[in-house]
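Asker: Can you read through this structure? Questions will come right after.
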Amino acid sequence: MTHDPDATLLGRTPGLDETHFAHDGLITKHPVRAVALAALRPMPGQLLWDLGTGAGSIGVEWCRTDPTCRAIGVERKAKRAANARTNAAELTLPGQFEVINADLTKGLPEGLPDPDAIFIGGGATETLVTQCRPRLPIGGRLVVHGVTMEAEMLVESLHRDLGGDLMRFGVETADSIGRLRGWKPARTVVAWTWQHTE
């Protein structure tokens, strides 16, 4: 856990190591987070919805790119929402990142201000995507990541029906194999990016 709300210690470039966050092991890893932020394209003054926020790492990194960026995270599990609030307090400016404890399977929480970009990192469904798309302005970005076969089938279908960009990527890190070293693969990530153009 690191205290750096004004980004003077760790800088503003996305991809902070997981050691800087409070989390339960399920956190978007830093190379994947950097790819997500590149697709989300944060701009000064813009608002992100980070749906299925978990530890809040995407929302935190969005806010750190510019002090005028804001994010709202929505998380079903209370302990993960608490971690996201801790990370918001330690790594973003006061008021930049709000975390709501809510179950997205019951729909979007009432009263959310319209976003400029949306990230769905957990629990993506066709219904949720359908609810999100009309809330984006022209130029708004929607990014969905998943690691399950169900998520892969969903984003393939979304890409076929709605267009956008679809990619699948994996990350491997050096690890010990006895007294030697080898590559340890992380779970493969599927990523669908869509922009509201009409």
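The values are calculated or read from the model by the stated rules, or taken from the named source; none is laboratory data. Bear in mind the structure is a predicted one, so any value in this text is a computation, not a measurement. Heads up, the Cβs are rebuilt from the backbone with ideal geometry, glycines too, and the neighbour counts pull from every protein chain shown. For accessibility, only protein heavy atoms count, side chains too; no ligands or nucleic acids. Shrake-Rupley method; radii C 1.70, N 1.55, O 1.52, S 1.80 Å.
Asker: What distance in nm separates the simple spin-label points at His196 and Lys79, each placed 7 Å from Cα in the Cβ direction?
Answerer: Reported label-point gap for His196 and Lys79 is 3.6 nm.
Asker: Here is a follow-up. Cβ neighbours within 10 Å, averaged per peptide: list 93-99, 44-50 in order, most packed at the top.
Answerer: Working: 93-99: 17.0, 44-50: 20.1.
The densest-packed peptide leads the list: 44-50, 93-99.
Asker: Of the heavy-atom accessible surface of the chain (probe 1.4 angstrom), what whole percent is carbon and sulfur?
Answerer: Result for the chain: 53 percent of the exposed heavy-atom area is carbon or sulfur.
Asker: Let me ask something additional. Run the quick spin-label model on Asp17 and Thr173: label points 7 Å from Cα toward the beta carbon, then report their separation in nm to one decimal.
Answerer: 0.9 nm
Asker: Using the Karplus curve 6.51 cos²θ - 1.76 cosθ + 1.60 with θ = phi - 60°, work out ³J(HN,Hα) for each residue of the range 176-187 in order, rounded to whole Hz, and write x for Gly and Pro.
Answerer: 7, 10, x, 8, 10, 10, x, 9, 10, x, 8, 4
Asker: Take the alpha-carbon centre of the range 1-49, take the same for the range 54-110, and report the distance between them in whole Å.
Answerer: About 11 Å separates the Cα centre of the range 1-49 from the one of the range 54-110.
Asker: Kindly provide the helix-only [θ] at 222 nm of the chain, computed as the sum of -39,500 (n - 2.57) over DSSP H runs of four or more divided by all residues, to the nearest 500 deg cm²/dmol?
Answerer: -8000 deg cm²/dmol
Asker: Counting only complete DSSP H runs, which helices of the chain cover 18 Å or more along their long axis at the Cα atoms and score a mean Kyte-Doolittle of -0.5 or above?
Answerer: Counting only whole DSSP H runs, the qualifying helices are 149-162.
Asker: For the chain, what proportion of DSSP beta bridges, expressed in % and rounded to the nearest 5, is antiparallel?
Answerer: If I count the DSSP bridges inside the chain, around 50 percent turn out antiparallel.
Asker: Please compute the per residue accessible area over the chain with all protein chains in place, 1.4 Å probe, rounded to a whole number of Å².
Answerer: So the chain comes to 52 Å² accessible per residue, rounded to a whole number.
Asker: Of Arg76, Arg179, Arg141, which has the largest mean-square fluctuation in a 10 Å C-alpha GNM of the chain?
Answerer: Result: Arg179 has the largest fluctuation of those listed.
Asker: Can you check what the net charge comes to around Pro5, using other residues whose Cβ is under 15 Å from the Cβ of Pro5 (Lys, Arg +1; Asp, Glu -1)?
Answerer: Net of charged neighbours comes to -2.
Asker: Using Cα springs under 10 Å in a Gaussian network model of the chain, which residue among Ala38, Ala84, Ala117 shows the largest mean-square fluctuation?
Answerer: Highest fluctuation of the listed residues: Ala38.
Asker: Stick to the Cα atoms of the chain, pair each with every other, and give me the Kirkwood hydrodynamic radius in Å at one decimal.
Answerer: About 17.0 Å, per the Kirkwood formula over Cα pairs.
Asker: To the nearest 10 square angstrom, what accessible area does His159 show with a 1.4 Å probe?
Answerer: 70 Å²
Asker: List the relative contact order of the range 24-196 as a percent without decimals, with contacts defined as Cα pairs under 8 Å and 6+ residues apart.
Answerer: 19 percent
Asker: Provide the per-residue ³J(HN,Hα) series for the range 113-118, in order, calculated from phi with Karplus coefficients 6.51, -1.76, 1.60 and θ = phi - 60°, each as a whole number of Hz, with x at glycine and proline positions.
Answerer: x, 4, x, 9, 8, 9
Asker: Restricting to lysine pairs 8 or more places apart or on different chains, what number in the chain have Cα atoms under 24 Å apart?
Answerer: Close lysine pairs found across the chain: 5.
Asker: Right, here's the next one. Using heavy-atom solvent-accessible surface (probe 1.4 Å) with all chains present, what is the largest-first order of Ile100, Ile118?
Answerer: Output order, biggest surface exposure first: Ile100, Ile118.
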